[in-house]
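What follows is a short report on a single structure.
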Amino acid sequence: MMFGLQMFNEMESLNREMDQLLCGLGLSRSPEKRNDNAGLRVKDTGVEYKVEASIPGIDVKHLEIDVLGRQLSLSAEMADSEVGDDVIWHRRERRRKAFKKSFMLPEEIDSEQVEAEYKNGILMITLPKAASVLPKKISVKAS
């Protein structure tokens, strides 16, 4: 089991490096992969997972967070800029209009207790682990 996970992580790392290399050359293997980077960070505190996603400029009304078992899915749409049709752009780098990301967490979570906050372009999600995966203290009775 550990070998399979290690192999998967190495393949994912190689895939990211190839995308970065090709993107740096002005090429891309897949157009949808180009905009997939949300600067995700996942931290395990022991009792919960803390997920941070850097996704500035999203419309919070169109932000969706779904949890199914161990899978976390995020999707959002960029906020429309209030610019008229008579504007001439000299540079416009924000190309993506939507963001989608889905990944598996190592353990089951308690989906009823999930909390999320969006502030200054950072989405912060707290995902408490399910009680069934947390360590349980067993009391010993003396006889």
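Of note:
- Entries of LYS101/LYS137; LYS61/LYS101; LYS101/LYS136; LYS100/LYS136 with Cα pairs more than 26 Å apart: LYS101/LYS137; LYS101/LYS136; LYS100/LYS136
- Under Stokes-Einstein, with the Kirkwood radius over Cα pairs as Rh, the value for region 95-138 at 4 °C and 1.567 mPa s is 99 µm²/s.
- Fully extended contour minus Cα-Cα distance, from GLU10 to THR126, at 0.36 nm per residue: 39.1 nm
- Alpha carbon convex hull of region 42-143, projected area averaged over orientations, nm²: 8.9 nm²
- Couplings 3J(HN,Hα) for region 99-109, derived from phi with the Karplus relation 6.51 cos²θ - 1.76 cosθ + 1.60 (θ = phi - 60°), are 10, 9, 8, 9, 7, 9, 8, x, 9, 4, 10 Hz, where x marks Gly and Pro.
- Placed amide H near LYS129: partners under 5 Å, 5+ positions off or other chain: GLU48, TYR49, ASP110
- Ordered by 1.4 Å accessible area with all protein chains kept, VAL51, VAL67 run largest first as VAL67, VAL51.
The values are calculated or read from the model by the stated rules, or taken from the named source; none is laboratory data. Just so it is clear, the structure is predicted and the values come from calculations on it, not from any experiment. In case anyone asks, the SASA skips ligands and DNA or RNA and just uses the protein heavy atoms, side chains included. Shrake-Rupley method; radii C 1.70, N 1.55, O 1.52, S 1.80 Å.
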